[in-house]
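Single-structure report; data block below.
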Amino acid sequence: MKPLVVKLGGSTAGSNEMQQWIDLLADASLPLVLVPGGGPFADHIRAMQKPLSYSDEAAHDMAILAMDQFGLVVAERSERFRPSMTIRDMKQAWNTGLVPVWLPSTMTRGAPDILRSWRVTSDSLGAWLAGRIGAESLLLIKQAAIDPAEMDLDTLVARHLVDDYLPRALNDETKLYLAGPESLGSARDVLAASDVPGRLVVREALEEVLGS
């Protein structure tokens, strides 16, 4: 079975929902890899960019390190979680029944297909990882309420619920799901059935929002 990529949004940091999702994912029987958001660590980088006058490229690199930091926070929350820097690390975790928590700075450093910009967030990096490991599905866990009537990708981009680079980063073969706090009640049963919590995002023709 191909692993599920689960991006745990930094917006959940410090909330009750954060630990609830962690408990559910730690108990999941299907193989998955957790992608951390940047959380308050990335917020600090954004807040200090103007006072310290660093470029968007430097801020991007620093924000990926912020994902590493939040990933280390998440990895401590369950004995089943293992910080993982490479695909080899992930495979070793899966082979021993553990859940890898991706620390992305090693794999993404210098990657030519990753735009160094604030436009690329952990959403797009989760999609990039899904393509690298051949995942069939990517689940984005957000703290925002999810409106069933607004589950097409263009609308999610327009509402800033996902970053605007995601349509380009997402592989055509990877299904995209979105989950908010309202998905928690059914998530355990859904995961037990080796299915993906949340709602499937309609992608239509996936027109590139960045142009040619």
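The values are calculated or read from the model by the stated rules, or taken from the named source; none is laboratory data. The shown structure was predicted, so the numbers you read here are calculated from the model rather than taken from an experiment. Note: ideal-geometry Cβ built from the backbone for every residue, glycine included; neighbour counts use all protein chains shown. To get the accessible areas, we keep the full protein, side chains included, count just its heavy atoms, and leave off ligands, DNA and RNA. Shrake-Rupley method; radii C 1.70, N 1.55, O 1.52, S 1.80 Å.
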Within straight cross-link reach of residue 50, meaning Cα distance under 17 Å, which aspartates and glutamates are found once same-chain residues fewer than 8 apart are removed?
61
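Computed over the Cα atoms of the range 58-105, what is the ratio Rg over Rh, Rh following Kirkwood?
A ratio of 1.04.
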What FRET efficiency, computed as 1/(1 + (r/R0)^6) with R0 = 25 Å and r the Cβ-Cβ distance, is obtained for residue 57 and residue 85, rounded to the nearest 0.05?
0.70
Report the label-to-label distance for residue 193 and residue 44 in nanometres (one decimal), using points 7 Å from each Cα along the Cα→Cβ vector.
4.2
From largest to smallest, what semi-axes in whole angstrom does the range 88-212 give when each is the square root of 5 times an eigenvalue of its alpha carbon gyration tensor?
22, 22, 12
Apportionment of accessible area to carbon and sulfur, the range 109-209, percent (1.4 Å):
47
Full extension from residue 96 to residue 144: what is 0.36 nm times the residue separation minus their Cα-Cα distance, to one decimal in nm?
13.9 nm
Sort 173, 17 by accessible area with a 1.4 Å probe, largest first.
173, 17
Using eta = 0.890 mPa s and T = 25 °C, Stokes-Einstein with Kirkwood Rh from Cα pairs puts D for the range 37-139, in µm² s⁻¹, at 171
Return the loop-located trypsin sites (Lys or Arg not before Pro) in the range 41-127 (DSSP other than H, G, I, E, B) with at most 12 other Cβ atoms within 10 Å of their own Cβ; answer none if there are none.
109
From largest accessible area down, sort 107, 62, 90; use a 1.4 Å probe on the protein chains.
62, 107, 90
At 0.890 mPa s and 25 °C, Stokes diffusion of the chain via Kirkwood alpha-carbon radius, µm² per second
143
On alpha carbon coordinates alone, what is the Rg over Rh value for the range 15-91, Rh being the Kirkwood radius?
1.06
The range 1-143 accessible area per residue, 1.4 Å probe, protein heavy atoms, integer Å², reads 45
If ligands, DNA and RNA are left out, what is the accessible area of residue 155 with a 1.4 Å probe, given in Å² to the nearest 10?
40
Listed by chain and number, the lysines with an alpha carbon less than 27 angstrom from that of residue 2, same-chain partners under 8 positions apart left out, are 91, 142, 175
